[in-house]
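Before any comments, here is the structure.
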Amino acid sequence: MSDTLVDFDEVLTRYEPVIGLETHVELGTESKMFCGCSTTFGAEPNTQTCPVCLGLPGSLPVVNAEAIESTIRIGLALGCRIASWSRFARKNYFYPDIPKGFQTSQYDEPLCTAGHLDIELDGETYRVEIERVHIEEDTGKNLHVGGSTGRIHGADHSLVDYNRAGIPLVEIVTRPIPGAGAKAPELARAYVTELREILLALGVSEVRMEQGNLRSDVNTSLAPIGSLDWGTRTETKNVNSLRSVERSVRFEMRRQAAVLDAGERVVQETRHFHEDTGSTSSGRSKEEATDYRYFPEPDLVPIAPDEEWIEGLRAALPELPAARRARLKQEWGLSDTEMAWIVNAGALGLVSDTVAAGATPADARKWWLGELARRANDSGVELTELPVTPQQVAELAGLVTAGTVNDQLARQALDGVLAGEGGPAAVVESRGLAVMGDSDELVAAVEAAIEGNPDVADKVRGGKVQAIGALVGAVMKTTRGKADAATVKRMLEERLVSS
(Lines give C-alpha, C1' and ligand atoms only; values in the text may rest on other atoms or scores of the structure.)
Protein backbone atom coordinates (compact mmCIF):
# COMPACT_ATOMS: atom_id res chain seq x y z
CA MET A 1 0.00 0.00 0.00
CA SER A 2 1.23 3.50 -0.81
CA ASP A 3 1.38 6.09 1.95
CA THR A 4 -0.99 9.04 2.09
CA LEU A 5 1.01 12.23 1.61
CA VAL A 6 0.31 15.88 2.39
CA ASP A 7 1.51 18.60 0.04
CA PHE A 8 4.88 19.86 1.29
CA ASP A 9 3.84 23.52 1.51
CA GLU A 10 0.71 22.52 3.43
CA VAL A 11 2.78 20.57 5.95
CA LEU A 12 4.54 23.78 6.92
CA THR A 13 1.29 25.58 7.69
CA ARG A 14 0.60 23.23 10.61
CA TYR A 15 3.81 21.49 11.64
CA GLU A 16 7.40 22.29 12.59
CA PRO A 17 10.03 19.74 11.52
CA VAL A 18 12.97 18.68 13.66
CA ILE A 19 15.78 16.71 12.00
CA GLY A 20 18.91 14.96 13.19
CA LEU A 21 21.59 12.94 11.46
CA GLU A 22 23.82 10.05 12.41
CA THR A 23 26.52 9.80 9.77
CA HIS A 24 28.75 6.74 9.49
CA VAL A 25 32.18 7.10 7.90
CA GLU A 26 34.39 4.17 6.96
CA LEU A 27 37.96 5.23 7.60
CA GLY A 28 40.58 4.70 4.92
CA THR A 29 42.97 2.62 7.02
CA GLU A 30 44.79 -0.30 5.41
CA SER A 31 43.73 -2.73 8.12
CA LYS A 32 40.62 -3.26 10.21
CA MET A 33 39.82 -1.72 13.58
CA PHE A 34 40.97 -4.58 15.79
CA CYS A 35 42.93 -6.92 13.52
CA GLY A 36 45.30 -6.89 10.55
CA CYS A 37 42.81 -7.91 7.84
CA SER A 38 42.75 -5.85 4.65
CA THR A 39 40.04 -3.23 4.07
CA THR A 40 40.34 -3.22 0.25
CA PHE A 41 36.93 -2.75 -1.39
CA GLY A 42 35.58 -5.30 -3.86
CA ALA A 43 37.44 -8.45 -2.81
CA GLU A 44 35.80 -11.84 -3.13
CA PRO A 45 33.29 -12.40 -0.30
CA ASN A 46 34.69 -13.63 3.01
CA THR A 47 38.33 -13.54 1.88
CA GLN A 48 39.34 -10.70 4.24
CA THR A 49 38.52 -12.24 7.60
CA CYS A 50 40.36 -13.77 10.56
CA PRO A 51 39.51 -15.18 14.00
CA VAL A 52 39.53 -11.68 15.53
CA CYS A 53 37.04 -9.97 13.20
CA LEU A 54 34.90 -13.11 13.17
CA GLY A 55 34.91 -13.21 16.97
CA LEU A 56 36.16 -16.77 17.27
CA PRO A 57 36.89 -18.07 20.80
CA GLY A 58 40.33 -17.21 22.15
CA SER A 59 40.98 -14.30 19.76
CA LEU A 60 41.81 -10.90 21.22
CA PRO A 61 41.41 -7.44 19.59
CA VAL A 62 44.15 -4.81 19.30
CA VAL A 63 43.20 -1.17 18.62
CA ASN A 64 44.18 0.40 15.28
CA ALA A 65 46.19 3.50 16.27
CA GLU A 66 45.64 5.25 12.92
CA ALA A 67 41.88 4.91 13.35
CA ILE A 68 42.06 6.60 16.75
CA GLU A 69 44.15 9.43 15.29
CA SER A 70 41.70 9.91 12.41
CA THR A 71 38.76 10.05 14.81
CA ILE A 72 40.48 12.70 16.92
CA ARG A 73 41.28 14.74 13.80
CA ILE A 74 37.61 14.60 12.77
CA GLY A 75 36.60 15.73 16.26
CA LEU A 76 39.07 18.62 16.18
CA ALA A 77 37.84 19.74 12.74
CA LEU A 78 34.29 19.84 14.17
CA GLY A 79 35.34 21.83 17.22
CA CYS A 80 34.75 18.94 19.64
CA ARG A 81 36.18 18.37 23.07
CA ILE A 82 38.57 15.42 23.00
CA ALA A 83 38.13 13.11 25.97
CA SER A 84 41.17 12.59 28.15
CA TRP A 85 39.84 9.12 28.96
CA SER A 86 37.57 7.05 26.76
CA ARG A 87 36.72 3.38 26.44
CA PHE A 88 34.97 0.86 24.24
CA ALA A 89 31.74 -0.94 24.99
CA ARG A 90 29.94 -4.00 23.69
CA LYS A 91 26.68 -3.25 21.89
CA ASN A 92 24.77 -6.51 21.98
CA TYR A 93 22.39 -7.50 19.22
CA PHE A 94 21.95 -10.56 17.09
CA TYR A 95 21.96 -10.02 13.34
CA PRO A 96 23.61 -12.28 10.77
CA ASP A 97 25.98 -9.46 9.75
CA ILE A 98 27.39 -9.29 13.31
CA PRO A 99 29.61 -12.39 13.51
CA LYS A 100 30.45 -11.87 17.19
CA GLY A 101 26.89 -11.33 18.40
CA PHE A 102 27.94 -7.84 19.52
CA GLN A 103 29.50 -4.76 17.98
CA THR A 104 32.52 -3.16 19.61
CA SER A 105 31.54 0.49 19.83
CA GLN A 106 31.54 3.36 22.32
CA TYR A 107 28.63 4.28 24.53
CA ASP A 108 28.77 6.60 27.52
CA GLU A 109 32.42 7.59 27.14
CA PRO A 110 32.95 8.58 23.48
CA LEU A 111 36.20 9.99 22.16
CA CYS A 112 34.82 13.38 20.99
CA THR A 113 31.85 15.44 22.23
CA ALA A 114 30.19 18.88 22.04
CA GLY A 115 31.20 20.18 18.63
CA HIS A 116 29.39 22.11 15.93
CA LEU A 117 29.31 22.74 12.18
CA ASP A 118 28.03 25.99 10.69
CA ILE A 119 26.11 25.56 7.44
CA GLU A 120 25.52 28.40 4.97
CA LEU A 121 22.22 28.00 3.13
CA ASP A 122 20.63 30.70 0.98
CA GLY A 123 22.36 33.50 2.85
CA GLU A 124 21.53 32.15 6.31
CA THR A 125 23.83 30.38 8.75
CA TYR A 126 22.52 27.35 10.62
CA ARG A 127 24.57 25.98 13.50
CA VAL A 128 24.36 22.20 13.66
CA GLU A 129 25.48 21.01 17.07
CA ILE A 130 27.50 17.80 17.17
CA GLU A 131 26.65 15.65 20.16
CA ARG A 132 29.39 13.04 19.75
CA VAL A 133 31.97 11.53 17.42
CA HIS A 134 32.86 7.98 18.32
CA ILE A 135 34.75 5.06 16.80
CA GLU A 136 33.42 1.55 16.33
CA GLU A 137 33.65 -1.37 13.92
CA ASP A 138 31.52 -1.81 10.84
CA THR A 139 29.21 -4.77 10.33
CA GLY A 140 29.20 -7.32 7.54
CA LYS A 141 26.94 -7.04 4.52
CA ASN A 142 23.75 -9.03 3.95
CA LEU A 143 22.67 -9.92 0.42
CA HIS A 144 19.04 -10.97 0.05
CA VAL A 145 18.55 -13.06 -3.08
CA GLY A 146 15.23 -13.22 -4.90
CA GLY A 147 12.23 -10.98 -4.54
CA SER A 148 11.82 -7.56 -6.12
CA THR A 149 13.14 -5.19 -3.45
CA GLY A 150 16.54 -6.63 -2.55
CA ARG A 151 15.39 -6.76 1.07
CA ILE A 152 14.73 -9.76 3.27
CA HIS A 153 10.96 -9.67 2.79
CA GLY A 154 10.16 -11.82 -0.22
CA ALA A 155 13.73 -13.07 -0.68
CA ASP A 156 14.40 -16.73 -1.47
CA HIS A 157 17.51 -16.85 0.68
CA SER A 158 20.19 -14.58 2.15
CA LEU A 159 23.98 -14.50 1.97
CA VAL A 160 26.41 -12.63 4.17
CA ASP A 161 29.86 -11.22 3.37
CA TYR A 162 32.06 -10.53 6.41
CA ASN A 163 34.80 -8.64 4.53
CA ARG A 164 33.40 -5.34 5.80
CA ALA A 165 32.99 -6.59 9.38
CA GLY A 166 35.56 -4.90 11.57
CA ILE A 167 36.46 -1.97 9.29
CA PRO A 168 36.97 1.20 11.38
CA LEU A 169 33.73 3.18 11.38
CA VAL A 170 33.32 6.68 12.80
CA GLU A 171 29.82 7.76 13.79
CA ILE A 172 29.09 11.50 13.86
CA VAL A 173 25.86 12.27 15.70
CA THR A 174 24.13 15.65 15.67
CA ARG A 175 21.83 17.01 18.31
CA PRO A 176 18.23 17.63 17.14
CA ILE A 177 18.08 20.51 14.66
CA PRO A 178 14.89 22.59 15.04
CA GLY A 179 13.96 25.84 13.34
CA ALA A 180 14.80 25.00 9.74
CA GLY A 181 11.16 24.96 8.61
CA ALA A 182 10.86 24.62 4.83
CA LYS A 183 14.65 24.40 4.57
CA ALA A 184 14.87 21.20 6.66
CA PRO A 185 15.36 18.85 3.67
CA GLU A 186 17.94 21.15 2.07
CA LEU A 187 19.72 21.69 5.40
CA ALA A 188 20.05 17.94 5.91
CA ARG A 189 21.67 17.62 2.49
CA ALA A 190 23.88 20.69 2.99
CA TYR A 191 25.11 19.34 6.34
CA VAL A 192 26.13 15.96 4.90
CA THR A 193 27.70 17.74 1.91
CA GLU A 194 29.80 19.98 4.15
CA LEU A 195 30.73 17.07 6.41
CA ARG A 196 31.85 15.09 3.37
CA GLU A 197 34.03 18.01 2.23
CA ILE A 198 35.67 18.16 5.67
CA LEU A 199 36.40 14.43 5.64
CA LEU A 200 37.93 14.73 2.17
CA ALA A 201 40.09 17.65 3.31
CA LEU A 202 41.29 15.61 6.29
CA GLY A 203 42.08 12.64 4.03
CA VAL A 204 40.61 10.16 6.51
CA SER A 205 38.20 8.48 4.10
CA GLU A 206 37.37 8.24 0.41
CA VAL A 207 33.75 9.03 1.43
CA ARG A 208 32.41 7.35 -1.70
CA MET A 209 28.75 7.03 -0.92
CA GLU A 210 28.14 4.50 -3.69
CA GLN A 211 30.61 2.16 -1.94
CA GLY A 212 29.12 2.74 1.50
CA ASN A 213 32.12 4.74 2.78
CA LEU A 214 29.65 7.40 3.89
CA ARG A 215 26.03 6.72 4.81
CA SER A 216 23.55 8.59 6.96
CA ASP A 217 20.69 7.63 9.23
CA VAL A 218 18.22 10.51 8.89
CA ASN A 219 15.91 11.29 11.83
CA THR A 220 12.75 13.27 11.14
CA SER A 221 9.88 14.35 13.36
CA LEU A 222 6.97 16.79 13.22
CA ALA A 223 5.23 18.72 15.98
CA PRO A 224 2.25 21.09 15.76
CA ILE A 225 3.41 24.68 15.40
CA GLY A 226 3.62 26.24 18.85
CA SER A 227 3.93 22.92 20.66
CA LEU A 228 6.46 22.77 23.47
CA ASP A 229 7.19 19.10 22.75
CA TRP A 230 8.91 17.63 19.73
CA GLY A 231 7.19 14.91 17.79
CA THR A 232 8.01 11.20 17.61
CA ARG A 233 10.93 10.61 15.27
CA THR A 234 11.55 8.02 12.63
CA GLU A 235 15.04 6.98 11.54
CA THR A 236 15.58 6.36 7.83
CA LYS A 237 18.57 4.00 7.73
CA ASN A 238 21.68 3.95 5.55
CA VAL A 239 20.79 6.69 3.08
CA ASN A 240 23.70 6.65 0.67
CA SER A 241 23.47 9.72 -1.56
CA LEU A 242 23.26 13.45 -0.92
CA ARG A 243 20.12 13.77 -3.04
CA SER A 244 18.48 10.94 -1.13
CA VAL A 245 19.18 12.59 2.23
CA GLU A 246 17.10 15.57 1.11
CA ARG A 247 14.39 13.41 -0.46
CA SER A 248 14.04 11.22 2.63
CA VAL A 249 13.37 14.22 4.90
CA ARG A 250 10.90 15.69 2.43
CA PHE A 251 8.99 12.39 2.12
CA GLU A 252 8.88 11.75 5.87
CA MET A 253 7.55 15.25 6.53
CA ARG A 254 4.71 14.67 4.05
CA ARG A 255 3.98 11.16 5.33
CA GLN A 256 4.04 12.03 9.02
CA ALA A 257 1.78 15.04 8.44
CA ALA A 258 -0.80 12.72 6.88
CA VAL A 259 -0.56 10.36 9.87
CA LEU A 260 -1.04 13.21 12.36
CA ASP A 261 -3.85 14.78 10.32
CA ALA A 262 -5.69 11.46 10.52
CA GLY A 263 -5.53 11.59 14.31
CA GLU A 264 -3.04 8.75 14.49
CA ARG A 265 0.39 8.69 16.08
CA VAL A 266 3.76 8.40 14.38
CA VAL A 267 5.49 5.14 15.29
CA GLN A 268 9.10 5.37 16.45
CA GLU A 269 10.81 3.01 14.04
CA THR A 270 13.56 2.57 11.51
CA ARG A 271 12.57 2.97 7.87
CA HIS A 272 14.10 2.03 4.53
CA PHE A 273 14.62 4.57 1.73
CA HIS A 274 13.75 3.58 -1.84
CA GLU A 275 15.85 5.33 -4.48
CA ASP A 276 13.45 4.60 -7.34
CA THR A 277 10.40 6.22 -5.75
CA GLY A 278 11.92 8.59 -3.19
CA SER A 279 9.72 6.98 -0.54
CA THR A 280 10.37 5.23 2.77
CA SER A 281 8.89 2.04 4.16
CA SER A 282 8.65 0.59 7.65
CA GLY A 283 11.62 -1.41 8.91
CA ARG A 284 11.48 -2.36 12.57
CA SER A 285 10.62 -0.74 15.88
CA LYS A 286 13.43 1.51 17.10
CA GLU A 287 15.47 0.11 19.95
CA GLU A 288 16.53 2.20 22.91
CA ALA A 289 20.02 2.08 24.41
CA THR A 290 18.83 -0.31 27.12
CA ASP A 291 17.85 -2.86 24.45
CA TYR A 292 21.51 -3.21 23.47
CA ARG A 293 22.66 -4.06 27.01
CA TYR A 294 25.85 -2.01 26.70
CA PHE A 295 28.72 -2.89 29.02
CA PRO A 296 32.44 -1.98 28.97
CA GLU A 297 34.53 -4.06 26.56
CA PRO A 298 36.65 -6.28 28.85
CA ASP A 299 39.28 -7.12 26.19
CA LEU A 300 40.38 -3.53 25.46
CA VAL A 301 42.09 -0.98 27.69
CA PRO A 302 40.72 2.59 27.81
CA ILE A 303 42.04 5.24 25.42
CA ALA A 304 43.83 8.14 27.12
CA PRO A 305 45.21 10.47 24.40
CA ASP A 306 48.09 12.67 25.49
CA GLU A 307 47.29 16.40 25.48
CA GLU A 308 50.51 17.24 23.66
CA TRP A 309 49.67 14.72 20.94
CA ILE A 310 46.18 16.21 20.55
CA GLU A 311 47.59 19.73 20.21
CA GLY A 312 50.05 18.47 17.60
CA LEU A 313 47.15 17.01 15.61
CA ARG A 314 45.24 20.29 15.96
CA ALA A 315 48.18 22.31 14.66
CA ALA A 316 48.57 19.98 11.67
CA LEU A 317 44.96 20.19 10.51
CA PRO A 318 44.69 21.20 6.84
CA GLU A 319 42.75 24.21 5.58
CA LEU A 320 39.12 23.33 6.12
CA PRO A 321 36.41 23.86 3.48
CA ALA A 322 34.86 27.03 4.97
CA ALA A 323 38.26 28.75 5.19
CA ARG A 324 39.14 27.53 1.72
CA ARG A 325 35.94 28.95 0.24
CA ALA A 326 36.58 32.33 1.84
CA ARG A 327 40.13 32.40 0.48
CA LEU A 328 39.16 31.34 -3.05
CA LYS A 329 36.25 33.78 -3.16
CA GLN A 330 38.70 36.59 -2.50
CA GLU A 331 41.37 35.28 -4.87
CA TRP A 332 38.89 34.79 -7.70
CA GLY A 333 37.07 38.07 -7.08
CA LEU A 334 33.65 36.44 -6.68
CA SER A 335 30.51 37.66 -4.98
CA ASP A 336 28.80 35.58 -2.31
CA THR A 337 26.18 34.58 -4.87
CA GLU A 338 28.74 33.47 -7.45
CA MET A 339 30.58 31.36 -4.89
CA ALA A 340 27.26 29.87 -3.77
CA TRP A 341 26.54 28.81 -7.37
CA ILE A 342 29.84 26.94 -7.51
CA VAL A 343 29.34 25.28 -4.12
CA ASN A 344 25.72 24.33 -4.78
CA ALA A 345 26.75 22.72 -8.07
CA GLY A 346 29.32 20.61 -6.21
CA ALA A 347 31.99 22.14 -8.43
CA LEU A 348 34.34 23.94 -6.04
CA GLY A 349 37.06 21.29 -6.11
CA LEU A 350 36.69 20.88 -9.86
CA VAL A 351 36.93 24.61 -10.52
CA SER A 352 39.87 24.97 -8.13
CA ASP A 353 41.77 22.09 -9.75
CA THR A 354 41.03 23.50 -13.21
CA VAL A 355 42.45 26.88 -12.19
CA ALA A 356 45.49 25.12 -10.72
CA ALA A 357 45.94 23.40 -14.10
CA GLY A 358 46.24 26.78 -15.85
CA ALA A 359 42.73 28.00 -16.64
CA THR A 360 41.43 31.37 -15.52
CA PRO A 361 38.78 31.32 -12.79
CA ALA A 362 36.27 32.72 -15.27
CA ASP A 363 36.96 29.98 -17.84
CA ALA A 364 36.88 27.24 -15.21
CA ARG A 365 33.52 28.45 -13.91
CA LYS A 366 32.17 28.87 -17.44
CA TRP A 367 32.85 25.26 -18.45
CA TRP A 368 31.94 23.48 -15.22
CA LEU A 369 28.82 25.50 -14.40
CA GLY A 370 27.71 25.78 -18.03
CA GLU A 371 28.28 23.08 -20.59
CA LEU A 372 29.44 20.36 -18.19
CA ALA A 373 26.69 21.01 -15.64
CA ARG A 374 24.14 20.73 -18.44
CA ARG A 375 25.56 17.42 -19.59
CA ALA A 376 25.68 16.05 -16.04
CA ASN A 377 22.06 17.06 -15.52
CA ASP A 378 20.99 15.46 -18.81
CA SER A 379 22.77 12.23 -17.81
CA GLY A 380 21.44 12.25 -14.26
CA VAL A 381 24.93 12.12 -12.70
CA GLU A 382 27.04 14.33 -10.46
CA LEU A 383 29.67 16.59 -12.06
CA THR A 384 32.42 14.53 -10.50
CA GLU A 385 31.13 11.44 -12.30
CA LEU A 386 31.64 12.88 -15.79
CA PRO A 387 34.59 11.25 -17.60
CA VAL A 388 36.57 14.47 -17.92
CA THR A 389 39.31 15.81 -15.65
CA PRO A 390 40.04 19.38 -14.52
CA GLN A 391 43.31 19.16 -16.44
CA GLN A 392 41.42 18.38 -19.64
CA VAL A 393 38.99 21.24 -19.04
CA ALA A 394 41.94 23.60 -18.54
CA GLU A 395 43.48 22.30 -21.78
CA LEU A 396 40.19 22.90 -23.62
CA ALA A 397 39.94 26.45 -22.26
CA GLY A 398 43.53 27.05 -23.36
CA LEU A 399 42.71 25.96 -26.92
CA VAL A 400 39.86 28.50 -27.01
CA THR A 401 42.07 31.26 -25.62
CA ALA A 402 44.77 30.49 -28.21
CA GLY A 403 42.22 30.67 -31.01
CA THR A 404 42.78 27.03 -32.00
CA VAL A 405 39.03 26.41 -31.57
CA ASN A 406 36.02 28.57 -30.87
CA ASP A 407 33.34 27.78 -28.31
CA GLN A 408 31.25 25.80 -30.78
CA LEU A 409 34.17 23.66 -31.87
CA ALA A 410 35.30 23.31 -28.25
CA ARG A 411 31.92 21.77 -27.41
CA GLN A 412 32.43 19.27 -30.22
CA ALA A 413 35.90 18.51 -28.86
CA LEU A 414 34.31 17.97 -25.45
CA ASP A 415 32.03 15.37 -27.03
CA GLY A 416 35.11 13.43 -28.03
CA VAL A 417 36.75 13.75 -24.63
CA LEU A 418 33.62 12.47 -22.89
CA ALA A 419 33.46 9.61 -25.41
CA GLY A 420 36.96 8.52 -24.38
CA GLU A 421 38.72 9.60 -27.57
CA GLY A 422 41.58 11.29 -25.70
CA GLY A 423 42.48 14.76 -24.48
CA PRO A 424 41.11 17.95 -26.07
CA ALA A 425 44.12 18.61 -28.33
CA ALA A 426 44.11 15.02 -29.60
CA VAL A 427 40.36 15.17 -30.30
CA VAL A 428 40.69 18.48 -32.13
CA GLU A 429 43.37 16.98 -34.35
CA SER A 430 41.62 13.64 -34.96
CA ARG A 431 38.27 15.24 -35.72
CA GLY A 432 39.71 18.14 -37.70
CA LEU A 433 38.09 20.74 -35.47
CA ALA A 434 40.74 23.49 -35.59
CA VAL A 435 39.52 26.97 -36.50
CA MET A 436 39.99 27.82 -40.20
CA GLY A 437 42.54 30.61 -40.55
CA ASP A 438 42.72 33.39 -43.16
CA SER A 439 43.18 30.79 -45.89
CA ASP A 440 42.17 30.40 -49.52
CA GLU A 441 39.33 28.15 -48.37
CA LEU A 442 38.00 30.85 -46.07
CA VAL A 443 38.37 33.53 -48.75
CA ALA A 444 36.32 31.35 -51.08
CA ALA A 445 33.63 30.90 -48.41
CA VAL A 446 33.43 34.68 -47.84
CA GLU A 447 33.16 35.39 -51.57
CA ALA A 448 30.48 32.70 -51.91
CA ALA A 449 28.44 34.27 -49.09
CA ILE A 450 28.55 37.68 -50.79
CA GLU A 451 27.62 36.24 -54.18
CA GLY A 452 24.87 34.08 -52.71
CA ASN A 453 23.28 36.93 -50.75
CA PRO A 454 23.45 39.99 -53.07
CA ASP A 455 20.54 41.80 -51.35
CA VAL A 456 22.24 41.58 -47.96
CA ALA A 457 25.59 42.60 -49.45
CA ASP A 458 23.96 45.68 -51.00
CA LYS A 459 22.43 46.66 -47.65
CA VAL A 460 25.86 46.50 -46.05
CA ARG A 461 27.36 48.57 -48.85
CA GLY A 462 24.52 51.05 -48.38
CA GLY A 463 25.43 51.64 -44.73
CA LYS A 464 23.33 49.03 -42.90
CA VAL A 465 26.45 47.48 -41.35
CA GLN A 466 24.41 45.44 -38.83
CA ALA A 467 23.15 43.31 -41.72
CA ILE A 468 26.64 41.86 -42.02
CA GLY A 469 25.64 39.36 -39.34
CA ALA A 470 23.62 37.38 -41.85
CA LEU A 471 26.67 37.03 -44.07
CA VAL A 472 28.82 35.97 -41.13
CA GLY A 473 26.23 33.30 -40.36
CA ALA A 474 26.30 32.08 -43.95
CA VAL A 475 30.08 31.69 -43.85
CA MET A 476 29.93 29.89 -40.49
CA LYS A 477 27.34 27.49 -41.92
CA THR A 478 29.45 26.80 -44.99
CA THR A 479 32.55 26.13 -42.90
CA ARG A 480 30.55 24.09 -40.33
CA GLY A 481 31.54 26.46 -37.58
CA LYS A 482 35.27 26.14 -38.20
CA ALA A 483 35.79 29.77 -39.19
CA ASP A 484 36.59 32.41 -36.62
CA ALA A 485 33.60 34.76 -36.56
CA ALA A 486 35.71 37.86 -35.85
CA THR A 487 38.01 37.04 -38.77
CA VAL A 488 35.03 36.46 -41.06
CA LYS A 489 33.48 39.78 -40.05
CA ARG A 490 36.74 41.59 -40.70
CA MET A 491 37.08 40.03 -44.16
CA LEU A 492 33.50 40.95 -45.06
CA GLU A 493 33.97 44.53 -43.85
CA GLU A 494 37.12 44.82 -45.97
CA ARG A 495 35.15 43.77 -49.02
CA LEU A 496 31.87 45.60 -48.44
CA VAL A 497 32.26 48.48 -45.99
CA SER A 498 35.68 49.74 -47.04
CA SER A 499 35.05 49.40 -50.79
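Output the number of residues of segment 404-428 satisfying the condition of being open to solvent by 60 Å² or more (accessible area, probe 1.4 Å) and farther than 22 Å from A485 by Cβ.
3
Go through the residues of segment 327-350 one by one and say whether even a single one is basic (K, R), touching a strand residue (DSSP E or B) at 6+ places or on another chain (Cβ under 9 Å), open to solvent by less than 70 Å² (accessible area, probe 1.4 Å) and under 18 Å from A201 (Cβ atoms). Reasoning before the result, please.
Of segment 327-350, the ones basic (K, R) are 327, 329.
Going one step further and asking which of them are touching a strand residue (DSSP E or B) at 6+ places or on another chain (Cβ under 9 Å), we end up with none.
No, the conditions are met nowhere in segment 327-350.
Spot the failing condition for S221; the list is (1) under 18 Å from F273 (Cα atoms); (2) more than 21 Å from the chain's Cα centre (by Cα); (3) open to solvent by 20 Å² or more (accessible area, probe 1.4 Å), and only one is missed.
(3)
Could you identify the single residue in P298, P305 that is in the same structural domain as A65 (by TED's automatic domain parsing) and within 27 Å of L76 (Cα to Cα)? Spell out the reasoning first.
Numbers: P298 fails: within 27 Å of L76 (Cα to Cα).
Checking each option against the conditions leaves just P305.
For segment 81-114, give me each residue that is open to solvent by 10 Å² or more (accessible area, probe 1.4 Å) and touching a Cys at 6+ places or on another chain (Cβ under 9 Å).
R81, I82, A83, P99, K100, T113, A114 - these are the residues of segment 81-114 that are open to solvent by 10 Å² or more (accessible area, probe 1.4 Å) and touching a Cys at 6+ places or on another chain (Cβ under 9 Å).
Mind counting the residues in segment 109-149 that are in contact with a helix residue (DSSP H, G or I) (Cβ under 9 Å, 6 or more places away or on another chain) and more than 30 Å from V160 (Cβ to Cβ)?
The number of residues fulfilling the criteria is 14.
Table: residues versus (1) modelled with pLDDT of 80 or more; (2) polar (S, T, N, Q); (3) not in a helix (DSSP H, G or I).
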residue: A434; (1), (2), (3): no, no, yes
residue: D438; (1), (2), (3): no, no, yes
residue: V443; (1), (2), (3): no, no, no
residue: A448; (1), (2), (3): yes, no, no
residue: D458; (1), (2), (3): no, no, no
residue: Q466; (1), (2), (3): yes, yes, no
residue: G469; (1), (2), (3): yes, no, no
residue: G473; (1), (2), (3): yes, no, no
residue: M476; (1), (2), (3): no, no, no
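Taking the condition assigned to a helix (DSSP H, G or I), free of Cβ contacts under 8 Å to residues at least 60 places away in the same chain and surrounded by fewer than 16 Cβ atoms within 10 Å (Cβ to Cβ), does R365 pass? Show your work before the answer.
Values: assigned to a helix (DSSP H, G or I): yes; free of Cβ contacts under 8 Å to residues at least 60 places away in the same chain: yes; surrounded by fewer than 16 Cβ atoms within 10 Å (Cβ to Cβ): no.
The answer is no for R365.
Which one of V173, V128 is among the β-branched types (V, I, T), surrounded by fewer than 22 Cβ atoms within 10 Å (Cβ to Cβ), in contact with a strand residue (DSSP E or B) (Cβ under 6 Å, 6 or more places away or on another chain) and not in a loop (DSSP other than H, G, I, E, B)? Walk me through it before giving the result.
Numbers: V128 fails: surrounded by fewer than 22 Cβ atoms within 10 Å (Cβ to Cβ).
Exactly one residue qualifies, and that residue is V173.
Is it true that some residue in segment 4-26 is within 18 Å of D138 (Cα to Cα), in the same structural domain as F273 (by TED's automatic domain parsing), of a type in the set (V, I, T) and without any contact (Cβ under 8 Å) to a residue 24 or more places away in the chain?
No, segment 4-26 contains no residue that is within 18 Å of D138 (Cα to Cα), in the same structural domain as F273 (by TED's automatic domain parsing), of a type in the set (V, I, T) and without any contact (Cβ under 8 Å) to a residue 24 or more places away in the chain.
So, of the residues in segment 407-421 that are touching a helix residue (DSSP H, G or I) at 6+ places or on another chain (Cβ under 7 Å) and either among the charged types (D, E, K, R) or outside any helix (DSSP H, G or I) (or both), which turns out to be farthest from K366 (Cα to Cα)?
E421
The values are calculated or read from the model by the stated rules, or taken from the named source; none is laboratory data. None of the values given here were measured: they were computed from a predicted structure. Neighbour counts run over all protein chains shown; Cβ positions are idealised from the backbone, glycine included. In case anyone asks, the SASA skips ligands and DNA or RNA and just uses the protein heavy atoms, side chains included. Shrake-Rupley method; radii C 1.70, N 1.55, O 1.52, S 1.80 Å.
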